[in-house]
Each structure stands twice: as C-alpha cells, then as structure tokens.
Amino acid sequence: MSRWRARKRLAMGRPHAARLLLLGSFLIGVDVLSIGAAWGTEMALTISSPAFKQGGKIPSIHTCEGDDVSPPLVFAGVPKGTKSLALVIDDPDAPDPKAPKRVWVHWVVLNLPPETERLEENASAAGLPKGAVQGVNDFRTKAYGGACPPIGRHRYFHKLYALDVTLPAKALSKVELEAAMEGHVLGKAELMGTYQKGDP
C-alpha cells in the first residue's frame, strides 16, 4: 500500500473512531450517573442543624443551662417508600465520659411525616408536624430534655430513621421504639454534637 493511501485510510477512520469513543464515553457516563443515582437513593438520608456542625458544640440555649429548647434540625434525602420518620437524641457518656455507665435518652419522636424537611427551634414545645408523637425520655417526660452533663464533655447523638411503616400513635420509650422499628428501617442518619457545662 502506498504511503498516500495509508494516510487517506487513517484520515477516513479517525471520524469513525472519534464517534465510537464519544459514544462509549457517553454510555459510560450514563452508567455512572445511573449508579450514582441508585447510590444516592439508598445512602442520602441526612440530618443537620443550623445551630451547630457535625461534632461541634451545642449552644447552651438547647441545654439545662439555657432555655432547654430543642434545636432546629434539617432532614434531607428521605428514601422512596418511607411512611414515617423517627428521631432519637441520646447521650452514651452518662454520667462521666471517662466511666460511662448508661445511655441517657433526651428526646424520642415518632411518626414524623416523610415529607418533613425541618423541625424549627423549640418544636418540642411549640408544636411538631401533624401526626407526630413525642415518646418518653429518661427524664420521664414526653418532651425534649436538653443536655445537662454532670461532669465532662458529653456527646449527643441525633439519630434520624426512615421507616416503611407508620407506628401506633403511642408515647414509646427508646427501647420500645427500637423494637417497633425492627425490620422497617429504610435509612438512618446521625448528627453528633457535644456539650460541657460552662459552654456558651
């Protein structure tokens, strides 16, 4: 084959090769997007707060040294098929982080509507979305009980659950809620904040 013909064939083949490369890249991109979307559906449930960052200090207004009001919380990425949301706030460092003996429960909420996107500050007292029920905390009240660590800096876990059922409208304890949720959890997310007496 002459050098001229070889060059001509190579030049003619380039657009075809380019088209194949472009098509392949597009198909790969579609697959990646599809996989990403699938992963997002399964893993995107989140809980955050405008009052404090993940691992940050909880403002004293939300504790026994302040106004003891529930913090504002924001929910996102609720999985498809969710019938209700449940919320638990607990402290695994009671009474002393250096020698923890129990998990202290500060707030239990069940049957939050799946379309709930946020709870405003003081929602425990000011009012939750229609249908939501406050459970019994370890202060033996059906309300939010703020951080009140006797010693040291404690961690407070705000746990959000997406459920495929609506639970009976009863004021459940954390233990009772966990039993009722078994086999019905579509997703879980956590926000952790800390507090030590004397924090601003």
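How much of the accessible area of the stretch 131-200, probe 1.4 Å, is carbon plus sulfur, in whole percent? Working shown, then result.
Working: 1810 of 3340 Å².
Roughly 54 percent, rounded to a whole number.
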Notebook entry, point to check: How much solvent-accessible surface does Thr141 expose, in Å² to the nearest 10, with a 1.4 Å probe and all protein chains in place?
Noted result: 60 Å²
Check: Ignoring ligands and nucleic acids, what accessible area does Tyr144 show with a 1.4 Å probe (Å², nearest 10)?
Finding: 30 Å²
Margin query: If you split all Cα-Cα distances of the stretch 130-200 into 10 Å bins from zero, what percentages do you get per bin, shortest first?
Written below: 16, 42, 31, 11, 0
Notebook entry, point to check: Fully extended, how many nm does the chain gain between Lys101 and Ile61 (0.36 nm per residue separation, minus their Cα-Cα distance)?
Noted result: 11.8 nm
Next item on the list: Count charges around Leu191 for me, please; just the other residues with Cβ under 10 Å from its Cβ, Lys/Arg as +1, Asp/Glu as -1.
Entry: +1
Notebook entry, point to check: If all Cα-Cα distances of the stretch 53-122 are sorted into 10 Å bins from 0 onward, what percent lands in each bin, rounded to whole numbers?
Noted result: 16, 42, 32, 11, 0
Item checked: Distance between the stretch 174-191 and the stretch 74-115 - C-alpha centres, whole angstrom -> 9 Å
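What number, in percent, do you get for the relative contact order of the stretch 71-200 if the mean sequence gap of Cα pairs under 8 Å and at least 6 apart is divided by its residue count?
Values: 299 pairs, mean separation 39.3, N = 130.
Relative CO of the stretch 71-200 lands at 30 percent.
The values are calculated or read from the model by the stated rules, or taken from the named source; none is laboratory data. What you see is a predicted model; the values in this text were computed from it and never measured. Cβ atoms come from the backbone with ideal geometry, glycine included; neighbour counts cover every protein chain shown. Just the protein is used for accessible areas: all its heavy atoms, side chains included, with ligands, DNA and RNA removed. Shrake-Rupley method; radii C 1.70, N 1.55, O 1.52, S 1.80 Å.
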